[in-house]
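This report concerns only the one structure given below.
Values in this text are rule-based calculations from the coordinates and carry no lab data. Everything numeric here is computed off the predicted structure, so don't read it as measured data. Every residue, glycine among them, receives a Cβ derived from its backbone with ideal geometry; neighbour counts consider all protein chains shown.
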2 protein chains.
Amino acid sequence: MARERQHDSRALSRPQALSRRSLLGGAAAAAGAVTLTGTAAGTASAATTRDVDVAVVGGGLAGLTTARDLVAAGKTVAVLEARDRVGGRVVNLSLAGGGFTEGGGEFIGPTQDRIKALADSLGVATFTTYNTGKNLLYKDGTRTPYATDGILGSVPPVDAAGLANAAIVQASLDDMAKQVPVDAPWTAAKAAEWDKQTFESWLNANAVIPSAKFLLDVATTSIFSAQPRELSLLFVLFYIAAAGNESTAGTLERLTDTANGAQESRFVGGSQQVPIKLAATLGDRVVLSAPVRSIAQSGGKYVVTADGVTVTAKKVVVAVPPPMAARITYDPLLPASRDQLSQRLPMGSIGKAIAVYDTPFWRTDGLNGQVVSDSGVVRSTFDNSPPDASYGALMGFIEADEMRAYDASSVAEVKAAVLKDYANYFGDKAKSPTSFVLQRWNNEGFSRGGPVAYAPPGVLTEYGAALRAPVGGIHWAGTETSTYWNGYMDGAVRSGERVAKEVLAEL
Amino acid sequence: MARERQHDSRALSRPQALSRRSLLGGAAAAAGAVTLTGTAAGTASAATTRDVDVAVVGGGLAGLTTARDLVAAGKTVAVLEARDRVGGRVVNLSLAGGGFTEGGGEFIGPTQDRIKALADSLGVATFTTYNTGKNLLYKDGTRTPYATDGILGSVPPVDAAGLANAAIVQASLDDMAKQVPVDAPWTAAKAAEWDKQTFESWLNANAVIPSAKFLLDVATTSIFSAQPRELSLLFVLFYIAAAGNESTAGTLERLTDTANGAQESRFVGGSQQVPIKLAATLGDRVVLSAPVRSIAQSGGKYVVTADGVTVTAKKVVVAVPPPMAARITYDPLLPASRDQLSQRLPMGSIGKAIAVYDTPFWRTDGLNGQVVSDSGVVRSTFDNSPPDASYGALMGFIEADEMRAYDASSVAEVKAAVLKDYANYFGDKAKSPTSFVLQRWNNEGFSRGGPVAYAPPGVLTEYGAALRAPVGGIHWAGTETSTYWNGYMDGAVRSGERVAKEVLAEL
């Protein structure tokens, strides 16, 4: 089992926290990674109790944003975080040879206004994702560079029929998405029709040219870390609709693109700087290594029991993914609608493999480091080098079927498979990284997948209304509850801002 | 919240069991039901510890059968049952006016050899489900009795085109099911094709006559307590294939039929007599009111921590449905394949509504009490009277969309809706039962749905192999793991017999 426990594998209650711990802890114990230090926060000691206005379950961007807004309104708050670091699905991993890389969410793009505002407020700057030079298409064992600076050039150079078919499919999806209200997808006029089929069934009927199907498949696994057969068509349309904001309609292209899309920019210092700095403003309101086991009503209050700390509160905000929220014991029981919802929103399957080199050598070959591939364990990559390019980093996503195939493999096995792919894409130099970091979210005890919980057919229409519906004094946050940028850091921040308003209206 | 807590709503740890309790306890506290007494078993007292060869999690038919076989082989066993009764999804509920009814699994039919052998060994007899007289079709507000004793008569009298279409669909499903190996559905030649679509998509293409689609929809919700849009076609085919035994191929008809089908017979004294008598043979090896919270490896053993009792064991058998097993904390973590499987097998949505009358008056009207309906909260019914017909009982299933619509309703609201249906089907006499019992499995804290966990598209092909794969010394039982009669009492017994052999081979 040891090989599945690289990061944050704590599963059981061990009241830790006998001393102050860093915000980044064992989480960075990956192959090639060492522990980063961060701003210290509070930690639970055995038998600690706190009494606050609001207990927040989960110290990711959603929970921390919730706490920020509640504290600003004068409320007392305790944030209970299961891991020994903040950030949830956003984590910096330091490299053995110096520097760091990002193991979770890292990109920010246009219309992601709320994560941008948060980062700005904390002094975390952004820089443009490296996007100079040509993309690579790797298909049928052949490597084809292609330009990204023209309209036609922005799509991988498959056959003309496939390009035309893919363009029609993309336009159809955007049109259908416009008919899906982001705050209630189940009320779309065609919700029943769209929620009764898999995205795969729809693609089979519409992406009829094989190369078009290939492009849509890569887009799907890159966005959802799930295969088209796992997803409800309605959920895919909702997710596209959510890739915008109150004044800009979502589009598929905004999800997939680097320039002008969701991968446009990155954070200086790494994305986890945002939750780390946000947590620092909250001080010892944030309790680490405190996985919540139960939420019980008692004497007009809620008793939130975590390993090593018990918090009594007037309200509770649960800011963890639905399948993780289901593992908390509730008394009284949650309504069936909420419990059965949480049985029906599984996490996608995702890993990130980062290979580090002395230089970003692909740049001198005129490549931007971005690949779209039809084979290998890594089928999409990015140049993850730091802004000063003091070293080079290739980051590859391991998605869905590919991740599942390697869930139980050793790091060495995954590394070998990944470097073989990188060599196919970028040449033999890629075979010899100075360090290699693997982050497998499926094996993380407090995530068990990523980047987001998705909906199979039939779930949104029957259970969607339970996503944000409070249960007594228990409110729900987390990127899965967001109407915009669901599944992204921006959605997490939006959910925290929404739920804080909800709770404040009741306090 | 009180209205969701009729039965067994304990969610949180309260080490109860300060005294011996009956095998049937608060579970029968339904509207119109009072507590039945049963054979006493052991119960946990605070801080109890036990050391055994095998800890069994769950005192339903699967866990109890496991324990029986292990004890017969000379092993020491502890069965930890969360509820204050044994039987899991099998429960007798006593009636205020005397007598009892069955709130969970109750039927037994041909090829269900293992539950039959178990019942025989315990002296629990069966009797034939009342099936004399005509069935009723209630469609478009019209009530049509129809005979069930001829080949054509066994199908509700919809239009001829619909009957012909339904017959072709049924034959196709049976043929496809024959290509699905029950022990590895994911290895079927067409597994990928069948697992990438919902059953609804397949029905839309094949059950093209509206009345045929109606018949298939009713069959689907009756069998799975899920709508066709929620189910993988491959899972449906597996489930049909599993409706047989080692020498008899499964068929759709065996799932749906009363005579010669899965609803053929019932147990004298109620189905829970089987687990109650089985538990009695195990004595104080069975611990009630002991929900298991964690399973941890420590010092070469497993430490199984339940409310009020901790058991150390060489091996652990988890005999609860996958979504419930996911709520236990494991240390070390389960492999991703197993954890993500348990995120992807939700429980169906089911309730049973039993109205009791002085006599089974529908019999004198020449009706057998069985209805197939296209409207109402109850769309299929059975005559659930005792074998001596000393009173009459109409049992109706509330399935899938209908159950979800009433999850949060009061018992009075459900009762009113059910009796309106029963009056439509059986006349005004049905409006005045002497008692009424409602069992809503979605609201049960230790089931959260029923009768079985089902697979949406993409799950069996990617995760099916994890269903029975042991994880170290942790083995998996429960009807969801059975190759035959998956979802039925027979499957639960088979799973216990299989897992006991598995464990014994290793001890």
Could you work out, for segment A:285-324, what percent of all Cα-Cα pairs fall into each 10 Å distance bin, beginning at 0 Å and stopping at the bin that holds the largest distance? 27, 58, 14
So, by mean Cβ neighbours within 10 angstrom, what's the order for A:482-494, A:183-195 with the highest one leading? A:482-494, A:183-195
Evaluate segment B:157-255: find the radius of gyration of its Cα atoms, find its Kirkwood radius, and give the ratio Rg to Rh. 0.96
Counting only DSSP beta bridges with both partners in the protein assembly as shown, the antiparallel fraction in percent, to the nearest 5, comes to 65 percent
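Using a 10 Å cut-off on Cβ to Cβ distances, tally the other chain neighbours for every residue of B:344-356 and report the average as a whole number. Provide the component values of the computation, followed by the final result.
Working: counts 8, 3, 12, 5, 1, 4, 0, 1, 0, 0, 0, 0, 0.
The mean count of partner-chain Cβ atoms within 10 Å per residue comes to 3.
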Here the correct list, in nm and shortest first, of distances from A:E193 to the same site in the other copies, label points 7 Å along Cα→Cβ, is 2.6
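Can you give the % of DSSP beta bridges in chain B that are antiparallel, to the nearest 5?
On the way: 50 of 77 bridges.
Around 65 percent of the beta bridges assigned by DSSP in chain B are antiparallel ones.
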Would you kindly work out, in nm and rounded to one decimal, the distances from the label point of B:D51 to those of the same position in each other copy, ordered shortest first, with label points 7 Å along Cα-to-Cβ? 4.4
Cα Rg over Rh - chain A, Kirkwood: 0.96
Arrange the following residues from fewest to most other Cβ atoms within 10 Å of their Cβ: A:K314, A:K352. A:K314, A:K352
Quick one, could you list the DSSP H helices from chain A stretching 15 Å or more along their long axis (Cα atoms) with average Kyte-Doolittle hydropathy of -1.0 or above? A:61-72, A:160-177, A:210-224, A:411-426, A:489-506
Compactness of segment B:385-507, expressed as Rg and Dmax over alpha-carbon positions, Å: 19.9, 61
Which values of log₁₀ I(q)/I(0), to two decimal places, follow from the Debye formula for the protein assembly as shown at q = 0.05, 0.07, 0.09 Å⁻¹ with a uniform point scatterer at every Cα? -0.30, -0.59, -0.98
Quick one: label points 7 angstrom along Cα→Cβ at B:G472, distances to the other copies in nm, smallest first? 3.5
Low-density loop cleavage sites - GluC sites (Glu not before Pro) in segment B:202-266, where at most 15 other Cβ are within 10 Å (DSSP): B:E246
Averaging sequence separations of C-alpha pairs under 8 Å and six or more residues apart, then dividing by the length of chain A, give the relative contact order as a whole percent. 24 percent
Once you average over the residues of A:450-456, how many Cβ atoms of partner chains fall within 10 Å of each Cβ? 2
Value of relative contact order over segment B:157-255, rounded to a whole percent, pairs C-alpha under 8 Å and six or more apart: 35 percent
Could you work out how far the C-alpha centroid of segment A:234-284 sits from that of segment A:412-490, in angstrom? 13 Å
Under 5 Å between amide H atoms, partner at least 5 residues away or on a different chain: which partners does B:F100 have, H built in plane at 1.01 Å? B:L95
Could you work out the helix-only [θ] at 222 nm for chain A, with each DSSP H run of four or more residues adding -39,500 (n - 2.57) and the total divided by the number of residues, to the nearest 500 deg cm²/dmol? -9000 deg cm²/dmol
Over all residues in B:189-202, what is the mean tally of Cβ atoms on other chains that come within 10 Å of each residue's Cβ? 4
